[in-house]
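Trainee: I'd like to ask you about the structure that follows.
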Amino acid sequence: MNVATLVGRLTKNVDLRYTSNGKAVGSFTVAVNRPFKNANGEQEADFILCQVWGKQAENLAQFTGKGSQIGLTGRIQTRSYDNKQGQRVFVTEVVADRVQFLDSKKQSDQGRQDSQNAPYQGQAEPFDINDDDIPF
């Protein structure tokens, strides 16, 4: 069984892109607090790479911003690619099946406003993706 459930905050705005077939894919990182404090009494977090597809990706990019709290369920996926130096790079990420917005409407509106004022860092152009990479 491969099931992941996370609750955390977006570390930056969602990177929304489209495949050459027009399918939306959103990439983002969620900061998830650990359930304990370290030896210095400080809260630590894990930064987990995530991906979501389709309308959920578009909604997440439109209605959230850096710092928005979300909950998601999905599965852990690994993939690899060769970087520009010719080295094999392995990536482990959570592919979300379901995403929920956990901020209040007021907090959500503030997150959107902040993200609209920030420079856009995504790609507007289509990109190629292998059919084997699509999670459905």
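Trainee: Across the range 39-87, what is the total count of residues that are under 16 Å from G26 (Cβ atoms) and polar (S, T, N, Q)?
Mentor: 8
Trainee: Return the only residue of A57, A61 being in contact (Cβ under 8 Å) with a residue 24 or more places away in the chain and more than 17 Å from E93 (Cα to Cα).
Mentor: Sole residue among the options that is in contact (Cβ under 8 Å) with a residue 24 or more places away in the chain and more than 17 Å from E93 (Cα to Cα): A61.
Trainee: Moving on. Which ones in the range 58-85 are aliphatic (A, V, I, L, M) and either exposed (fewer than 14 other Cβ atoms within 10 Å of the Cβ) or farther than 24 Å from A45 by Cα (or both)? Full working, then the answer.
Mentor: We begin by selecting, within the range 58-85, every residue aliphatic (A, V, I, L, M); these are 60-61, 70, 72, 76.
Across the range 58-85, the qualifying residue is only I76.
Here's the yes/no breakdown for (1) in a strand (DSSP E or B); (2) at pLDDT 95 or above:
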{"position": "G41", "(1), (2)": "no, no"}
{"position": "K55", "(1), (2)": "no, yes"}
{"position": "N59", "(1), (2)": "no, yes"}
{"position": "A96", "(1), (2)": "yes, yes"}
{"position": "D103", "(1), (2)": "no, no"}
{"position": "D109", "(1), (2)": "no, no"}
{"position": "D132", "(1), (2)": "no, no"}
{"position": "P135", "(1), (2)": "no, no"}
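Trainee: Quick check: anything in the range 43-50 without any contact (Cβ under 8 Å) to a residue 60 or more places away in the chain, surrounded by fewer than 16 Cβ atoms within 10 Å (Cβ to Cβ) and within 16 Å of V99 (Cα to Cα)?
Mentor: yes
Trainee: Continuing with the same structure: In the range 16-39, which residue that is assigned to a strand (DSSP E or B) and touching a helix residue (DSSP H, G or I) at 6+ places or on another chain (Cβ under 8 Å) is surrounded by the most Cβ atoms within 10 Å (Cβ to Cβ)?
Mentor: Step by step, filter the range 16-39, then rank; the result is F28.
The values are calculated or read from the model by the stated rules, or taken from the named source; none is laboratory data. None of the values given here were measured: they were computed from a predicted structure. Cβ coordinates were reconstructed from backbone atoms using ideal geometry, including for glycine residues, and neighbour counts include every protein chain displayed.
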